[in-house]
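The values are calculated or read from the model by the stated rules, or taken from the named source; none is laboratory data. None of these values were measured; they are calculated from a predicted model. Don't worry about glycine lacking a Cβ; one is built from the backbone with ideal geometry, like all the others, and counts go over all protein chains shown. Heavy atoms of the whole protein, side chains included, go into the accessibility calculation; ligands, DNA and RNA do not. Shrake-Rupley method; radii C 1.70, N 1.55, O 1.52, S 1.80 Å.
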Amino acid sequence: MTAQTTAAPQGREEIVRTINVVKEYRMGDQTLQALKGVSVTIYRGEYISIMGPSGSGKSTLFNAIGGLDKPSSGKVFIDEVDVAQLDALELAWLRCRKIGYIFQTFNLIPVMTALENVALPMIFGGMLEADARDKAKAILERVELGHRIDNKPSQLSGGQQQRVAIARAFANDPAIILADEPTGNLDLNTGKAIIGLLKEMNRERGVTVISATHDLKMLDISDRIFWIRDGAVEKIQRRDEVTIDAGQMH
Amino acid sequence: MNLPVKAVGQVQRQVQLPLSKAVEIALKSMRVRLGRSILTLITIVMAMAFLTQVWLSNRFGPVIRTALLAKAHLAVHEPVADNGRLVWLISLSLLVCLVGISNAMLMSVMERFREIGTMKCLGALDSFILKLFLLESIFLGVAGTVCGIVLGVALAAAMMVVRYSTAAWSLIPWGGVPWVCLAALGIGTAITAAAAMYPAWKAARMEPIAAMRVEV
Ligand SMILES: Nc1ncnc2c1ncn2[C@@H]1O[C@H](COP(=O)(O)OP(=O)(O)OP(=O)(O)O)[C@@H](O)[C@H]1O
Ligand SMILES: [Mg+2]
């Protein structure tokens, strides 16, 4: 807890807070504790990386923050709202408007063009088709894909697909972007470009970015890094406290 | 546009999308996947063609026979129709059709876990996913049924000609045909809708977290 308070920026608006989040998986008569009581606070506009070895619980924490999975105990607050108190319609609204998701596997809808993919969350949010298309076009231009808006995902490279996914995540001007291993399926340079783009969008739109990752390239641009080990937060560092040491990952 | 009303803190309720949106996405999805649906489509076409053909033959046969007898005082050989067996066969073919569609839809739902999970992450409601999959199979069912009916009518007419010579052609009582076709269309649509119920419900209940699953 002390590491947290010293590392946290002062006097800023809270966007995510987890209190003692525990996640247990039952497998037969055994119980596996994937999260063993995680309490973290994230502030508006921060770029957070959740780092740790494979199986340490990054994705589990990430899913709890994103309202995708209910913790076994503990609480998750997004913008001061207790996620566990929300009904199905409110959760859907939260996922649609407050949070933008970026996936390791890109997850574009294969039957839709880039433009239609980016417009989809706006349409789910109740925006008129024409307005959604205009806005989708503008965001796609922002991620430098203005010339590929009518292509299907299968006609795009991995990096381009992830750009479309980023555009889609930003479609409804969310407060939080959640990215689980956004560079996991990309080569080094494409990964760098994607990280750079995420950082630029984070700065220019003031969006909070939370990313679970193995990717050490993320360290350079993160405001804070949460190091997770065996389901617990081992330490929280500000960027200037990080000494890049690949040994930490293994 | 209907605005969400109730707000908890800063959270509002997601809006319900109009049916036309589900129709649009279902059609898009079907167009692209038509190749894969062709087998299901063939099952429906065959079953509905069989149903229509048997039904119409049973109506045409007696009318044509009576007409031929009255005209030429010919003794027309009438094959013994075994209606019980036919009804049994038709029921069986419809059942096979139902199970086939259901199975194909279920596989399609399981294959598309990531797409469904992603849509939920983007704010799709359960009811929307339900509509999407129901509509997809109903469209498929209607398309297959219409083809089956056309085929069935042609087969029934051809059968009359084969059975009672070409003179039978002009004697076919077309009057009742539209009603039989309409009824067959209803049956075909009902069967596909029933077959899609469980898979669509499965899809609707899928958790958004399915979007994260990496393995297939
Ligand atoms: N659905 C599940 N059922 C059972 N155990 C699970 C499930 N999901 C995760 N776990 C377990 O919980 C632990 C944490 O998993 P998690 O996916 O959060 O790790 P991670 O840090 O994201 O790893 P990676 O870097 O490999 O993605 C692991 O031991 C994993 O086996
Ligand atoms: Mg993971």
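Is it the case, given these coordinates, that A:K36 is within 22 Å of A:A92 (Cβ to Cβ), charged (D, E, K, R) and at pLDDT 90 or above? No. Only one entry in A:E13, A:E90, A:E24 is of a type in the set (D, E), open to solvent by 20 Å² or more (accessible area, probe 1.4 Å) and modelled with pLDDT of 90 or more, namely A:E24. Does A:I123 satisfy being open to solvent by less than 40 Å² (accessible area, probe 1.4 Å), among the β-branched types (V, I, T) and more than 7 Å from every other protein chain (Cβ to nearest Cβ)? Considered against the rule, which asks whether it is open to solvent by less than 40 Å² (accessible area, probe 1.4 Å), among the β-branched types (V, I, T) and more than 7 Å from every other protein chain (Cβ to nearest Cβ), A:I123 comes out as no.
Determine, yes or no, whether A:N117 is away from ligand 1 (no atom under 15 Å from the Cβ), under 15 Å from A:A171 (Cβ atoms) and within 7 Å of chain B (Cβ to nearest Cβ).
Working: away from ligand 1 (no atom under 15 Å from the Cβ): yes; under 15 Å from A:A171 (Cβ atoms): yes; within 7 Å of chain B (Cβ to nearest Cβ): no.
No, not satisfied.
Specify the residue that is nearest to the other protein chains (Cβ to nearest Cβ); the eligible residues are those in region A:41-64 that are within 25 Å of B:K120 (Cβ to Cβ) and away from ligand 1 (no atom under 12 Å from the Cβ). Among them, the one singled out is A:I42. As for region B:47-57, it holds no residue that is closer than 23 Å to B:L185 by Cα, more than 9 Å from chain A (Cβ to nearest Cβ) and surrounded by fewer than 18 Cβ atoms within 10 Å (Cβ to Cβ).
Within region A:69-78, take every residue that is within 12 Å of another protein chain (Cβ to nearest Cβ) and open to solvent by 10 Å² or more (accessible area, probe 1.4 Å) and give me the one that is farthest from ligand 2 (Cβ to nearest atom). Ranking the candidates gives A:F77 first. Among the residues of region B:98-127, those identified as over 25 Å from A:A179 (Cβ atoms), open to solvent by 10 Å² or more (accessible area, probe 1.4 Å) and hydrophobic (A, V, I, L, M, F, W, C) are B:L98, B:V99, B:A104, B:M105, B:L106, B:M107, B:M110.
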